[in-house]
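Working notes, structure below.
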C-alpha cells in the first residue's frame, strides 16, 4: 500500500517533532513513483472462495485417485494436492516438459474443455507397472510409443469418473475424453492470455514420483461460479437427508438377481450306481408326489412349493414360507 509509512519513516517524524526540526519543504518526486495505467486483464479472476472450493474438491479427488492407482497397479500409491494457483494459459503451456501426455476432457455443465497433464515420470511409472515392471524413479526423455499411448488412454478413461465423484457435493458433472495429445500446440483449449486455475497433484508410486496437473479455464467454470463457494458447499450438505441413499440402496437390492431352486428330498445311492447310470435309467426318490418341494434361495431354504406347469414350463407354486432357517443350512 503506497499510503502507509514504514517504521523508519514513523521514527524519523517522531524525532523531528521532538526537536522541532520538521522540514516543511515538499518532498522531491521520485521517478519511480510515476502513475501507471491499470490493466484490467491482469485482475484476479478466481477469488479466495473459488480457490478454497477447488482445493476441497481436488483433495477429495486426490484421495480417490490414490485408491484407484493402488488397486489398479497393485502398488503403494499416494496422491496429494500441492497447490491451486491462478495463472495465464501461456505461462502454463510454456512450463510444460517434453515429452508429455495431454488429455483434452469435456466436463459438462462446464463449457469448453479441461486439460489434464501427466508428467513423463508419472506416465512411465504407470506404464512400467502395468506391463509387470517396477516403477523407475529415474527420468526418461524418449517419446511415447503407440502401445504406451493406448495404455494411458485406457487408464484415463477408467479414472475420469472419479472427477464426477469429487465434484458431486458442488455440482453434478459428467466427463468425456476427447483425445490425447503429445504437444501443447495441438491441445490449445483457450486463448493464450486467458486466465486458468492450475491444480498440481503430487503422485508417488513406490519409489517413483511425478505430477498430475489439471488446467481449469475461467471460462469453463463460469456456468457454475455461484456453486464455487464453501458456504454453498456446506449449506448443500446440511440440507441433505441423513440417509439420502436409503431409497436408492433399497431399489438396487430389490433388483438384485438371485438363484432359486426347487429341491426334492435327498436320496442315497452308491458310487457304483452313479458310475453305471445310462440314459433312461430311473432313480427312486424319497419324496411323495403330494408332498411340497423346498424352494431354496441361494443355499437357504425359504419356501415350500407345489410343482406344476405354467405356459408349458415347469413351475413351483409357493404354499408356505419357512420362517426359521435350519441351523445346518446357515
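The values are calculated or read from the model by the stated rules, or taken from the named source; none is laboratory data. Here the structure is a predicted model, which means the values were calculated and not measured. Backbone-built Cβ (ideal geometry, glycine too); neighbour counts: all protein chains shown.
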Please work out if residue 82 is surrounded by fewer than 17 Cβ atoms within 10 Å (Cβ to Cβ), under 23 Å from the mean Cα position of the chain (by Cα) and at pLDDT 90 or above. yes
I'd like to verify a number: residues in the stretch 253-283 that are within 19 Å of residue 318 (Cα to Cα) and surrounded by 10 or more Cβ atoms within 10 Å (Cβ to Cβ), how many? 6
Criterion first (closer than 24 Å to residue 219 by Cβ and at pLDDT below 85) does residue 38 satisfy it? yes
Considering only residues that are in contact with a helix residue (DSSP H, G or I) (Cβ under 7 Å, 6 or more places away or on another chain) and without any contact (Cβ under 8 Å) to a residue 60 or more places away in the chain, look in the stretch 88-136 and name the one that is surrounded by the fewest Cβ atoms within 10 Å (Cβ to Cβ). 97
When the stretch 159-168 is checked residue by residue, the ones that are out of contact with any helix residue (DSSP H, G or I) (no Cβ under 7 Å at 6 or more places or on another chain) and either modelled with pLDDT of 90 or more or outside any loop (DSSP other than H, G, I, E, B) (or both) are 160, 161, 164
Residues in the stretch 195-203: is at least one more than 16 Å from residue 115 (Cβ to Cβ) and surrounded by fewer than 18 Cβ atoms within 10 Å (Cβ to Cβ)? yes
Across (1) part of a loop (DSSP other than H, G, I, E, B); (2) more than 20 Å from residue 210 (Cα to Cα); (3) over 17 Å from the mean Cα position of the chain (by Cα), residue 108 clears everything bar (3)
Determine if the stretch 88-100 includes at least one residue that is outside any loop (DSSP other than H, G, I, E, B) and within 18 Å of the chain's Cα centre (by Cα). no
Identify the residue in the stretch 279-323 that is in contact with a strand residue (DSSP E or B) (Cβ under 7 Å, 6 or more places away or on another chain) and not in a strand (DSSP E or B) and, among all such residues, is nearest to residue 266 (Cα to Cα). 292
Verdict on residue 64 being over 29 Å from residue 185 (Cβ atoms), at pLDDT 85 or above and in a helix (DSSP H, G or I): yes
